[in-house]
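Undergrad: I am attaching a structure below and will ask some questions about it afterwards.
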Amino acid sequence: MPRSIALVACITLFTLSSCTTIQVAPTANLAADKPTVLITGSNRGIGLEFVKQFSERGWNIIATARKPEEAADLQAIADNYDRLAIEQLDVTDFDRVKELQTVYQDQPIDILLSNAGITPKYKSAFKKVSGVDWDMARKSIDVNAIAPLQIAHIFMGNVAASDQKKIVVISSKGGSFAVGPEMPMMYSYRASKAALNMYMYTLSFETPKKDVILTLLSPGQVNTVPGMKLPNAIETDESVSKMLAVIDNLTPQHNGKFLDYEDGSEIGW
C-alpha cells in the first residue's frame, strides 16, 4: 500500500535558507490483497466506464483527471467505493507524472491503463487539410502519443512489481494505415494515434525484459459524448466490458500487438 511521504522542499535565497515539509497522504484505502489499476482520463466516457467496471470487480483504482473537482460522476463513485483514489493529472505535465509516481512508489500496479486523449469534435472531423488547426495538431501529438509513452516509462517499475504486469493503451483504428478510413478526415487525431502506435510498438521490444505485457486496444466506434449518437456506434459499457475480456486474457504473446475490442483479434498497423 502507498504510505505517507514527506516531501522536503528547501529554498535558498542569497544567505537565507528555509525548508518546508509537505505531507502527501494516501487518498484511498487501497487493499494489499487486491489488484490495482491506474487509469488516466477517468472523468468521463471510456475512462469513467473503466472506473465503474473495475469498482464492480473490487479492484484498487487510481483514477486521474485534469480537473478532479469538476468530475462529478467520478466523485460520486468515490463516495460509495473506498478503494478509489482520485488524483489530479494533466498527462502532459511530466513533473506531475513523476510526483504521482513518488506518491505511489511502493504500490504495484497490475494494469496501467492509458486512456486520456484528445478526440476530434464531430463537426470538425471531416475538414480537409485547409481546415487543420495546427495548434491542435501539435497538442494532439503531445497528449495522445508522447504522454502515454512518458507515463509508461515512469510507472514501468510499478507494473513490473505487480502480479499481472500489463500496460494497456487505448488507440484507434483511425491511426492504422491498414484499416483506417481512406478519406481526408481527422488529420490531427489520426496522425497522433499513428505516432502512439509506433511509440508503443517500439517500447514493446523493451517490456519483455521486465516480464511486462504491453498491448494497444481499439475500443471500437463509441458514443462518448452525451446526446450525440454516431451511426453504428456502441455505448461505453459495451466497449469497456468487451475490452476487459480481452485484457483478462492477455499473455506475453500479445506483447506489442494492436488488438480489437470485440474479440481480441490483431489489427494491422
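The values are calculated or read from the model by the stated rules, or taken from the named source; none is laboratory data. Note that the structure is a prediction, hence the values are computed from the model and not measured. All Cβ positions, even for glycine, are placed from backbone atoms using ideal geometry, and neighbour counts span all protein chains on display.
Undergrad: Select from region 83-103 the residues that are part of a loop (DSSP other than H, G, I, E, B) and among the charged types (D, E, K, R) and write down the one among them that is nearest to residue 30 (Cα to Cα).
TA: Checking each candidate, the answer is 83.
Undergrad: Among the residues of region 104-139, which ones are part of a helix (DSSP H, G or I), surrounded by 14 or more Cβ atoms within 10 Å (Cβ to Cβ) and at pLDDT below 95?
TA: Listed by number, the residues that qualify are 124, 136, 137.
Undergrad: If residue 45 passes every condition in (1) under 22 Å from residue 240 (Cβ atoms); (2) touching a Gly at 6+ places or on another chain (Cβ under 9 Å) but one, which one does it miss?
TA: Result: residue 45 passes all but (2).
Undergrad: Now for a different question. Look at residue 217 and say whether it is touching a Phe, Trp or Tyr at 6+ places or on another chain (Cβ under 9 Å), closer than 20 Å to residue 44 by Cα and touching a residue at least 60 places away in the same chain (Cβ under 8 Å).
TA: no
Undergrad: Please state which one of 101, 53, 75 is within 25 Å of residue 142 (Cα to Cα) and modelled with pLDDT of 95 or more.
TA: The unique qualifying residue is 101.
Undergrad: While we're on this one: What's the number of the only condition in (1) in contact with a Phe, Trp or Tyr (Cβ under 9 Å, 6 or more places away or on another chain); (2) at positive phi that residue 36 fails to meet?
TA: Of everything listed in (1) in contact with a Phe, Trp or Tyr (Cβ under 9 Å, 6 or more places away or on another chain); (2) at positive phi, residue 36 misses just condition (2).
Undergrad: Moving on to the next point. Out of 202, 215, 236, 207, report the one residue that is of a type outside the set (Phe, Trp, Tyr) and in contact with a His (Cβ under 6 Å, 6 or more places away or on another chain).
TA: Result: 215 is the single residue among 202, 215, 236, 207 that is of a type outside the set (Phe, Trp, Tyr) and in contact with a His (Cβ under 6 Å, 6 or more places away or on another chain).
Undergrad: Test residue 197 against the criterion of being within 23 Å of residue 92 (Cα to Cα) and under 19 Å from the mean Cα position of the chain (by Cα), and give yes or no.
TA: yes
Undergrad: Would you please name the residue that is nearest to residue 115 (Cα to Cα), looking only at residues in region 55-70 that are surrounded by 24 or more Cβ atoms within 10 Å (Cβ to Cβ) and out of contact with any helix residue (DSSP H, G or I) (no Cβ under 8 Å at 6 or more places or on another chain)?
TA: Checking each candidate, the answer is 62.
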